[in-house]
Structure formats: structure tokens, C-alpha cells
Amino acid sequence: MLEAETELVWVKDPEEVDYLREFKFHSRKAKGEPPKGSLRGDYILFGYTEVDKDDYDSKRNQRRRQYERRMFILKEADRGGPKWDGKAFSRYTPKEAVDPREIEVGIESEALTP
């Protein structure tokens, strides 16, 4: 439900990295940081989207009360991460990688191509 997104919140400067991984997650909250454990593994949260609760509810089954939102992360072993070994993704990017400078509210991000 990208059309219900209202804000993109950055918790770290996206200009610090070449790419970020984009993931969709479900939350009972329309705003605020993603719940801990939304993803497995070690990662650094760079940003997330917030949605308009009223707009989202009007377009979706209200019984679920789950909001689909996006989060933007860097795994610690990714290029630019604190555990990067200099090899992983040195020439390519993960399939869910997006250019952090191109991320916009309500618009699907395009995956980077190798």
C-alpha cells in the first residue's frame, strides 16, 4: 500500500552508503521504528516509512490491523557495513538493493542492476 505512505524517516544518513536493502514488513503500528526482529541477522536500520492510518484502513480489510511498510537497511557484512570483509558485494549488489538517493515516499524503488 505505497499510496498510504506519508513519510520517509531516516535514522542514519543514507548518503553514507552506495546501496540499501529494501524490505517490506507488517506492523500493528502505522508510525515509528520497525519492531525489533522484523528481519533476521545483523543489520543497521537506515530508514523506514510511515503510513496514514485512516487512509490505509479505508483501503484494506480493517480486521487485520496490520500495516505494510518499508524499511531500508544495510546488513553488517554488506559493502560499507562494519563487518564487511572487502569481498562480499564488492562488484555487485544484492537483488533487493536500491539507490538510497532515489527512495521516495509512495513510489516503488527500482532495484539496482549489477
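Throughout, read-outs are computed from the coordinates displayed, never taken from laboratory work. Model, not experiment: these values are computed from the prediction. Glycine also receives a Cβ, built like all others from the backbone with ideal geometry; neighbour counts cover every protein chain displayed.
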Once R0 is set to 41 Å, what does the formula 1/(1 + (r/R0)^6) return for the Cβ-Cβ distance between Ser90 and Arg28, expressed as a FRET efficiency to the nearest 0.05? 0.60
Estimated FRET transfer efficiency when R0 is 25 angstrom, pair Glu16-Glu68 (beta carbons, to 0.05): 0.40
Which of Val98, Val11, Val51 moves most in a GNM of the chain, Cα contacts under 10 Å? Val11
What longest region of the chain stays clear of trypsin sites (Lys or Arg not before Pro) that DSSP places outside H, G, I, E and B and that have at most 11 other Cβ atoms within 10 Å? 1-27
Could you tell me the number of lysine pairs in the chain with C-alpha atoms less than 20 Å from each other, where the two lysines are 8 or more residues apart or belong to different chains? 20
In whole percent, what relative contact order does the stretch 2-102 give with Cα contacts below 8 Å and a gap of six or more residues? 39 percent
Return the loop-located chymotrypsin sites (Phe, Trp or Tyr not before Pro) in the stretch 1-109 (DSSP other than H, G, I, E, B) with at most 14 other Cβ atoms within 10 Å of their own Cβ; answer none if there are none. Tyr92
